[in-house]
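Before any comments, here is the structure.
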Amino acid sequence: MAQLQGRERSEYVQAMFERIASRYDLINRIISGGQDMKWRRFALAVAALPPRGRLLDIATGTGDIALEALRRCPGASVIGADFALGMMRVGKRRPDGDRLRWAGADAMRLPFADESFDAVTSGYLMRNVADIPQALAEQWRVLKWGGQIVILDTAPPPDNLLKPLILLHLKYGIPLIGRLIGGKNAADAYRYLPESTSAFKTPQEFSGMLQAAGFQSARYKSFMFATMAVYWGTKTPAPAAQRL
């Protein structure tokens, strides 16, 4: 499943998230040991959204990052965008879900004007997109100059003593939890998660892609035995020497 490419990958991911929408938040909390909201709060801290700024949260799902942004900055304008409409329908029923602006959107072709947002965030988007450079280019386009991109995603387990245990959890533990809580409809989704995690870029590789996309001061912080990472960078012009 993780080896799918192009349109076939996009269609698979979209249908997968539609199937698991009703149980997505619960399963996330369980497989992360309740840590996933801590990672999202860290992502918003480095996003440094101004009090009345504009935030776009892509692949918003049920709105975890976007709703937390509204709680942190009540005066901000926050848009939660996703191409899995079923996920957003679940999010609209959450507390404060009616305060959020929801938008159907494909990360490859964002329906927003250039330089529209002070920050662009995403959670678990980039390992699912069909074309990472294109998705980064779209986020660059809609960010204002000086704006911040912040990305939360999984990372392949690093080579250390814990790697065999982490791989066992990815291959067997997560699919079992998904099947027990989400039922048969969730089984393939939670096989896809470990497969796509193992096939994704290392934090060092992905930071390099951020820099290649033009984001300056690209950094990352790892969590959960280095199997999760938050990346961030700023849309600033390259130094004159680099533009020659």
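The values are calculated or read from the model by the stated rules, or taken from the named source; none is laboratory data. As the structure is a computational prediction, the values presented were derived from the model and not from experiment. No Cβ is skipped: glycine too gets one built from the backbone with ideal geometry, and neighbour counts run over all protein chains shown.
Assorted remarks:
- Of the candidates L176, L110, the single residue that is free of Cβ contacts under 8 Å to residues at least 40 places away in the same chain and of a type in the set (A, V, I, L, M) is L176.
- Residue that is surrounded by the most Cβ atoms within 10 Å (Cβ to Cβ) [pool: residues in the range 40-71 that are over 13 Å from the mean Cα position of the chain (by Cα), under 20 Å from L143 (Cα atoms) and basic (K, R)]: R54
- In the range 20-36, the residues that are acidic (D, E) and buried (at least 16 other Cβ atoms within 10 Å of the Cβ) reach residues that are modelled with pLDDT of 85 or more and in a helix (DSSP H, G or I) with C-beta atoms within less than 7 angstrom, at least six apart or across chains, in these pairs: D36/N28; D36/R29.
- Helices (runs of 4 or more DSSP H) completely within the range 113-213 that count 2 or more residues being aliphatic (A, V, I, L, M) and on the phi > 0 side of the Ramachandran plot: none
Residue-by-condition table, conditions (1) more than 18 Å from V129 (Cα to Cα); (2) not hydrophobic (A, V, I, L, M, F, W, C):
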{"site": "L170", "(1), (2)": "yes, no"}
{"site": "R179", "(1), (2)": "yes, yes"}
{"site": "Y190", "(1), (2)": "no, yes"}
{"site": "A213", "(1), (2)": "no, no"}
{"site": "A218", "(1), (2)": "yes, no"}
{"site": "T236", "(1), (2)": "yes, yes"}
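- If the condition is being within 17 Å of E138 (Cα to Cα) and not small (G, A, S), then the range 190-238 contributes F206, M209, L210, Q211, F215, Q216, Y231, W232, T234, K235, T236, P237.
- Qualifying residue in the range 6-13 (condition: in a helix (DSSP H, G or I), touching a residue at least 24 places away in the same chain (Cβ under 8 Å) and at positive phi): yes
- Taken over the range 28-38, the criterion of being assigned to a helix (DSSP H, G or I) and under 16 Å from the mean Cα position of the chain (by Cα) is satisfied by N28, R29, D36, M37, K38.
- Single residue of the range 97-154 satisfying the filter (over 14 Å from the mean Cα position of the chain (by Cα) and among the basic types (K, R)) that is modelled with the lowest pLDDT: R99
- Across the range 39-82, the number of residues qualifying as polar (S, T, N, Q) and in a helix (DSSP H, G or I) comes to 0.
- Any chance A218 is under 16 Å from the mean Cα position of the chain (by Cα), hydrophobic (A, V, I, L, M, F, W, C) and assigned to a strand (DSSP E or B): no
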